[in-house]
Amino acid sequence: MAPLLAPLLALVLLVPRAAPAWEIDGTEVDVELVLAVDVSLSVTPHEMDIQRRGYAEAITSPEVMAAVQAGLLGRVAVTYVEWAGDGSQRTLIDWTLIETEGDAEAFAATLRDAPGTSLRRTSISNALSFSAGLFSNNGYAGLRQVIDVSGDGPNNSGRPVVQARDEAIAAGIVINGLPLMTTEGYGGRWDLPDLDLYYADCVIGGPGAFVIPVRSWDEFADAVRRKLVLEIAGLTPEPEARVWRASNPAPGGYDCMIGEKIWDRAIWSGSGTP
């Protein structure tokens, strides 16, 4: 060997070798899906039960299972997160592989049987940041990563929601929204009559992102089922159907700090929630 080649060969052998695709750690799935569900105090125990039963019913439905099995790989990874205010997030069901009806039934059974607790405030921003962090080293490698966030009010705790949204989108994550436009619970001063437009302008993002508003609890399970089919199948709604509107467009776009402003006014007036 030429004298100059020996040192060069030694340097090459010291350089870390990039792992080929087949050595990448993690089970490949069509989509890694975070179900991020609002359990703030404005969500009553009755509403919390409806949400859990709705997700359990949807994930075991023939339509959702057909979407799973029609995927390129025929399997998805799902985790169920409950969230409220700044620092109040918990993983109710850790990452679970869903490939068969039995997998879906086991996920649904765990969801139905889990104890429930309401938490304070509403931090969509922290819910998004917490959810985005769950994709790292979770044991799965998805062709797509999606956060499915549902809630009954605007962000009023933690950092501005658009910051968390933009960070997640920059990481290649799609955020879809399920705004709960119902009238149970605290209601009144905390409600936004056009919450779907707030979600459309301030919360969702990424290729094909969409909002499906829930106007009454009897349509919740059907809305979740339609949403899961779109997310799992990787379908992009028609441009005009990006938001199933329950209200008229806000002129000039939505004020994404509206929730914080409502909270501040309530605190100054002495009418804040516990």
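Every number here is computed from the coordinates shown, using simple stated rules; none is lab data. Just so we're clear, the structure is a prediction, and the values are computed from it rather than from any experiment. Neighbour counts run over all protein chains shown; Cβ positions are idealised from the backbone, glycine included.
Worth a mention:
- Qualifying residue in the stretch 83-91 (condition: of a type in the set (Val, Ile, Thr), under 19 Å from ALA164 (Cβ atoms), in contact with a Phe, Trp or Tyr (Cβ under 9 Å, 6 or more places away or on another chain) and surrounded by fewer than 22 Cβ atoms within 10 Å (Cβ to Cβ)): yes
- Subset of the stretch 42-75 [within 24 Å of ALA114 (Cα to Cα), in contact (Cβ under 8 Å) with a residue 60 or more places away in the chain and either touching a Gly at 6+ places or on another chain (Cβ under 8 Å) or surrounded by fewer than 15 Cβ atoms within 10 Å (Cβ to Cβ) (or both)]: SER42, VAL43, THR44, PRO45, HIS46, GLU47, MET48, ASP49, ARG52
- Scanning the stretch 62-82 for residues that are of a type outside the set (A, V, I, L, M) and closer than 15 Å to LEU111 by Cα yields THR79, TYR80, GLU82.
- Members of the stretch 193-209 that are in a loop (DSSP other than H, G, I, E, B), among the hydrophobic types (A, V, I, L, M, F, W, C) and farther than 13 Å from SER150 by Cβ: ALA209
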